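Worksheet: one structure, shown below.
The values are calculated or read from the model by the stated rules, or taken from the named source; none is laboratory data. Quantities reported herein were computed from a predicted structural model and do not represent experimental measurements. A quick note on method: Cβ atoms are made from the backbone with ideal geometry, for glycine too, and the neighbour counts reach across all protein chains shown. Each accessible area value is taken on the protein alone, full model and side chains, heavy atoms only, with ligands, DNA and RNA left out. Shrake-Rupley method; radii C 1.70, N 1.55, O 1.52, S 1.80 Å.
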Amino acid sequence: MDIYLPIAEVSVNWPLLVMLGALVGFVSGLFGIGGGFLMAPVLVFLGIPPTVAVASQASHVVASSTSGVIRYSGMGAVDYRIGGIMAVGGALGALVGVELFRYLRLLGQADLVVSLSYLLFLGSIGCMMLYESLTQILHRVRGETPPRKERRRPMWLYGLPFRMRFPRSGLYISAIPPFGLGVFAGILSAIMGVGGGFILVPAMLYVLRMRASVVVGTSLFQIIITTAITTVLQAGRNQTVDIVLSTILLLGGVVGAQYGARLSGRFRAEEMRAALGLIVLLVGIQMGLELFVRPSDLFLLAPGVAD
């Protein structure tokens with residue numbers, strides 16, 4: 001039941017990849033994230049080079065996110081206006097990130113940077129999300145009233161130019177912060193193969209103060225455009241997209257995302273953040289451990305480096 005992946009230059013069990021795509025798609029639809037942060041470490045564990053894993057699974061992120069957006073759009077839970085601004089920033093960030101990724105591959109440091117990025121970003125964000133959500137859960141279990149938090153938006157959001165109205169999100173702020181978030185997500189998409197949802201969702205909630213009901217769908221909408229552009233650029237500039245691997249992964253991802261979106265409304269917000277925080281933290285630690293494991297082949301070249 002194995003299939004040969006021409007760009008990754010390894011053979012893998014294809015039914016396992018289909019199930020992996022469905023599982024990550026389910027997580028994507030449930031939490032409003034692209035799922036790339038979870039897919040890439042598992043692919044690396046299966047023996048696929050990190051550079052190929054990061055670039056190839058971006059198409060799965062696009063497919064699962066599209067499936068999720070269709071579901072959220074039917075519920076009126078997507079703010080296309082602010083999502084479009086983020087997507088424009090994401091396209092710019094993807095251009096910068098792909099060129100940076102190419103430069104790192106030429107230096108032979110791409111795998112190291114990918115592992116460090118997962119460890120630093122996912123480890124820190126996972127800890128913060130887990131701490132905040134567990135604190136809220138403990139207050140609820142004990143019957144205590146959680147301390148009232150200041151809900152006003154940062155004043156600098158109102159001092160910046162290019163202010164726009166986003167009625168669906170309940171915002172009247174500058175377009176610069178959403179654009180900047182998109183640029184950052186685009187760079188992460190190229191370097192880590194992620195949609196950036198694990199950063200965008202908290203930022204949209206706690207910095208921009210968007211309505212919680214539209215955050216997940218809007219995040220997925222931005223992820224579709226950013227990761228689609230990233231996939232095309234990675235294939236053209238770095239030749240690290242394995243089309244066979246991408247196709248197998250997205251077969252399960254589309255179905256899994258639909259079921260995840262259906263179940264997203266059945267859990268408390270703090271419980272979902274706690275689960276997501278734990279997953280993010282564990283994945284960051286797992287990728288970080290790769291930095292301390294001796295490779296099986298010290299002289300293995302990444303695909304495309306020697307062309």
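Descriptive notes on the structure:
- The condition of being closer than 25 Å to ALA275 by Cβ, at pLDDT 75 or above and open to solvent by 70 Å² or more (accessible area, probe 1.4 Å) holds for only one of LEU138, LEU107, LEU95, that being LEU138.
- Only one of the numbered conditions (1) modelled with pLDDT of 75 or more; (2) crowded, with 17+ Cβ neighbours inside 10 Å; (3) under 19 Å from the mean Cα position of the chain (by Cα) is not met by LEU100, and that is (2).
- Residue selection: TYR72 satisfies the criterion of being modelled with pLDDT of 75 or more, open to solvent by 10 Å² or more (accessible area, probe 1.4 Å) and under 30 Å from ARG209 (Cβ atoms).
- Odd one out for ARG81, checked against (1) within 25 Å of GLN239 (Cβ to Cβ); (2) open to solvent by 30 Å² or more (accessible area, probe 1.4 Å); (3) charged (D, E, K, R): (1)
- Only one of the numbered conditions (1) surrounded by fewer than 24 Cβ atoms within 10 Å (Cβ to Cβ); (2) modelled with pLDDT under 75; (3) under 22 Å from LEU278 (Cα atoms) is violated by GLY32, and that is (1).
- One residue stands out among those in the range 154-173 that are at pLDDT below 85 and buried (at least 17 other Cβ atoms within 10 Å of the Cβ): the one that is farthest from ALA212 (Cα to Cα), which is LEU157.
- When we screen ALA77, ALA55 for residues that are under 30 Å from SER11 (Cα atoms) and either touching a strand residue (DSSP E or B) at 6+ places or on another chain (Cβ under 8 Å) or in contact (Cβ under 8 Å) with a residue 12 or more places away in the chain (or both), the only hit is ALA55.
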